[in-house]
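Every number here is computed from the coordinates shown, using simple stated rules; none is lab data. Fair warning: this is a prediction, and the values are worked out from it, not measured in the lab. Note: ideal-geometry Cβ built from the backbone for every residue, glycine included; neighbour counts use all protein chains shown.
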Amino acid sequence: MDTQWLSREELATWVRLLTVVELLPSRLDTQLRRDSALTHFDYYVLAMLSEAPERTLRMTALAERTAATLARLSHVVQRLEGRGLVERFPCPQDKRATNARLTATGWAKVQEAAPGHVRTARQLVIDALTPEQIAQLHEITEAVLARLDPEGKRASLHRHYD
């Protein structure tokens, strides 16, 4: 099979995308650790629970929404549970499954952390773009996500924000 090499422009775009993918998470992580004693992934888990009905999700659904393995998610939820931010309990509909619920302390932590996180997202990404570029970025991310998530496992999460 012949390799279709990237054009000069495609390669320049690809390298810039990889650089953003590498730099952005650490910048978000730095702000959240400094201001809220959370990692970016901790915040993401808490935020997904905060938006769920009754602030509760099955661990498998939470893993899907955060694109984490169950092993990684279990480790993080255990740590958050130790801080009193999340609690786990057997799923009433299926005793084999486990639910995670945001506690009142966890909800307060999300409310405390959200303004700084939004300011950082604005500073690093949103405010750097024009409204037209925001629309283009939305279309671009939809096209790429369709390739990364062809089954649409995370599509319901994305529709929540549209």
- When segment 57-89 is examined, which residues are found to be over 12 Å from Gly106 (Cα atoms) and β-branched (Val, Ile, Thr)? Thr60, Thr66, Thr69, Val76
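Residues checked against (1) buried (at least 19 other Cβ atoms within 10 Å of the Cβ); (2) in contact (Cβ under 8 Å) with a residue 24 or more places away in the chain; (3) within 17 Å of the chain's Cα centre (by Cα):
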residue: Leu32; (1), (2), (3): yes, yes, yes
residue: Leu49; (1), (2), (3): yes, yes, yes
residue: Arg55; (1), (2), (3): yes, yes, yes
residue: Arg58; (1), (2), (3): no, yes, yes
residue: Ser74; (1), (2), (3): no, no, yes
residue: Gly84; (1), (2), (3): no, no, no
residue: Arg96; (1), (2), (3): no, no, no
residue: Val110; (1), (2), (3): yes, yes, yes
- For segment 144-161, state whether one or more residues are in contact (Cβ under 8 Å) with a residue 12 or more places away in the chain, more than 16 Å from His40 (Cα to Cα) and hydrophobic (A, V, I, L, M, F, W, C). yes
- Query: In segment 29-50, which residues are in contact with a Leu (Cβ under 8 Å, 6 or more places away or on another chain), in a helix (DSSP H, G or I) and not aromatic (Phe, Trp, Tyr)?
  - Reply: Leu32, His40, Asp42, Val45, Leu46, Met48, Leu49, Ser50
- Looking only at residues in segment 1-30 that are under 30 Å from Asn99 (Cβ atoms) and not charged (D, E, K, R), which one is surrounded by the most Cβ atoms within 10 Å (Cβ to Cβ)? Leu28
- over 25 Å from Ala121 (Cα atoms) and in contact with a helix residue (DSSP H, G or I) (Cβ under 8 Å, 6 or more places away or on another chain) - does that describe any residue in segment 12-27? no
